[in-house]
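Asks: The structure is given below, and queries will be raised subsequently.
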Amino acid sequence: MIFHIDGNSFYAACERVFRPDLARSPIAVLSNNDGIVVALNTECKALGFKRGDVFFKVKRDMEKSGVVVFSSNYTLYADMSARMNLIYSRFAPDVEAYSIDESFLFFPTWKNTDYSEIGKELKDTVIKETGIPVSIGIAPNKTLAKMCNKLAKKRSGICDWNKINRDEELKNYPVEDIWGVGASKAVFLKKRGINTALDFKNYPLEKAKKHLTITGFRTVQELNGVRVIEKIEEAPRQVVMVSRSFQSPVYELNDIIAALSEYTQEAVKRIRDEGLSCKYVSVYLMTNAYAEGDPYFNQMTAELPCLSAYLPEIQTVANELVRKIFRPNYKYRKVMIGLTGLEKDENHQFDLFEMNYNRSKELETLMKTFDSINDRYGRGTLKLACGVRRAKSNEQLAMSNEKEAAWGLRRDFLSPRYTTDIRDIPLVY
């Protein structure tokens, strides 16, 4: 059997764990730069707000309705997700973290086992140890488990496929809500009279394969109780891109390089975490396409001499690229770094004429030390000084901090990092 577990209103629930005073309050969580509503709890949805709302348009209405707003605190959400998956691993022999708030648990087919009772114990354990409420769908395959999870939200939080009237539930389940059926497929199916999951279950397999590719073919099989979608093994990623829009326009090259330095460090961390190195470095620089004046966009790519995950080398190349595409007198709103040509570290092929092979080992040791310090004491504890000028006075220092704020993320409603920074541990009196 497969359990699909989903954290209910996950981002909002993470914020509420450390704010018991918000037990019944409507909560909304915003995207990067506080631009869009990306998550809200049931109380907030009941007031008419929805995911995708532009924050500045609904800000006053939220204030009037008493909505508590938070900036995205991904450090907190990722740590809470990891804690939940550790609990899942105590119950199931195999766990697949599908997203930050969703996981699939794979159980053997045990005879005379009440999986609903296992689900209840698991649900109670998660709420007790993390404070996050979850819904659990239990079924013989992933598609039905996802469906049961949606049904569980309208029940007691647990739905077992073996304990419901299957065809009746399928008949009332919209085809567009089925996992794997996107908007275009739903339109195609509805034109052919396929409006519910029951209709789709009875759709001929040969037609599903012909018109809906192998994904639709497998979905029909799973709706009929066949298990065909197994655990997804992550393939090495092909590209890493890191970018953010600036809070306000940035004019100076040195400030853009300072922002690029931070984004490059994040990009290199991502590839190093996956044991990858890159062959190509790309930098993108752009203004706001809708602002006054002529828009400007440019991009440049450089090839590294050999595969590398050495931050100073990649940063040096990125800085050279941004200097080449920078043009004065523009109001820049975004700079982006892209690392491509990614391969596993063990696939390195050194230059035939490279005499000092030990240098690569020394650089790897240096980067491991760099990574371990940042992992232990927090992201950004160590960083390159690229593009940063030493302030000679308090006035210059204030100006430097003001510039950094311009290209940094806008997070006016950011909550503390309760679980990952000792300075933010809540005080109990």
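Each reported figure results from applying straightforward, stated rules to the coordinates on display, with no laboratory input. Being a predicted model, the structure only gives us computed values, none of them experimental. Don't worry about glycine lacking a Cβ; one is built from the backbone with ideal geometry, like all the others, and counts go over all protein chains shown.
Asks: If you wrap a convex hull around the Cα atoms of the chain, how much volume per residue is inside, in Å³?
Replies: With only Cα atoms used, the chain gives 220 Å³ per residue.
Asks: Expressed as an acute angle from 0 to 90° and rounded to the nearest 10, what is the orientation of the C-alpha long axis of helix 205-223 relative to the principal long axis of the chain?
Replies: 70
Asks: I've got another one for you. Can you classify the stretch 198-305 as rounded, prolate or oblate using the Cα gyration tensor, where a ≥ b ≥ c are the square roots of its eigenvalues, rounded means a/c under 1.5, and otherwise it's prolate if a/b beats b/c and oblate if not?
Replies: Judged from the Cα gyration tensor, the stretch 198-305 comes out prolate (a/c at least 1.5, a/b above b/c).
Asks: Could I ask something else about it? Taking the Cβ of each residue in I138, I27, I87, I425 as the centre, tally the other Cβ atoms inside 10 Å and list the residues starting with the fewest.
Replies: So the ranking, lowest neighbour count to highest, is I425, I87, I27, I138.
Asks: I've got another one for you. Distance from a point 7 Å along Cα→Cβ of W179 to each backbone N in the stretch 113-143: keep the residues under 18 Å and list them by number.
Replies: Zone members listed by number: 115-116, 119-120, 123, 134-143.
Asks: At R0 = 60 Å, how high is the FRET efficiency between A46 and D294 if r is their beta carbon distance? Nearest 0.05 is fine.
Replies: 0.85
Asks: Fewest first, what order do M62, M336, M80 take by the number of other Cβ atoms within 10 Å? All intermediate terms of the calculation are to be shown ahead of the outcome.
Replies: On the way: M62 20, M336 17, M80 24.
Ascending Cβ contact count within 10 Å gives the list M336, M62, M80.
Asks: Then there is this: Once phi is turned into θ = phi - 60°, what whole-Hz ³J(HN,Hα) does the Karplus curve with 6.51, -1.76 and 1.60 give for every residue of the stretch 189-195, x standing for Gly and Pro?
Replies: 5, 5, 5, 9, x, 9, 10
Asks: Past the 21 Å Cα-Cα mark, which pairs from K185/K209; K269/K368; K163/K207; K123/K171; K163/K191?
Replies: As for pairs spanning more than 21 Å Cα to Cα, those are K163/K207; K123/K171; K163/K191.
Asks: What ranking of W179, W110 emerges when the number of other C-beta atoms within 10 Å of each C-beta is taken as an exposure proxy, fewest first?
Replies: Sorted ascending by nearby Cβ count, the order is W110, W179.
Asks: Express the relative contact order of the stretch 165-233 as a whole percentage, based on alpha carbon pairs under 8 Å and six or more residues apart in sequence.
Replies: It comes to 26 percent, rounded to a whole number.
Asks: Apply 1/(1 + (r/R0)^6) to the Cβ-Cβ distance of R155 and I325, taking R0 = 56 Å, and write down the FRET efficiency to the nearest 0.05.
Replies: Here the calculated transfer efficiency is 0.50.
Asks: How big is D, in µm² s⁻¹, for the stretch 165-233 by Stokes-Einstein at 4 °C and 1.567 mPa s if Rh is the Kirkwood radius over C-alpha pairs? Each step should come with its number before you reach the end.
Replies: Numbers: Rh = 12.0 Å.
Roughly 108 µm²/s, to the nearest whole number.
Asks: Compute the orientation-averaged projected area for the stretch 33-129 from the convex hull of its Cα atoms and round it to one decimal in nm².
Replies: Working: hull surface 32.5 nm².
Averaging across all directions leaves 8.1 nm² for the Cα convex hull.
Asks: Could you check the simple spin-label distance between V228 and I127, using points 7 Å along Cα→Cβ, in nm with one decimal?
Replies: Result: 3.7 nm between the two label points.
Asks: Between L86 and R237, what is the spin-label point distance in nm, taking each point 7 Å from the Cα along the Cα→C-beta axis?
Replies: Each label point lies 7 Å from its Cα, and together they span 2.4 nm.
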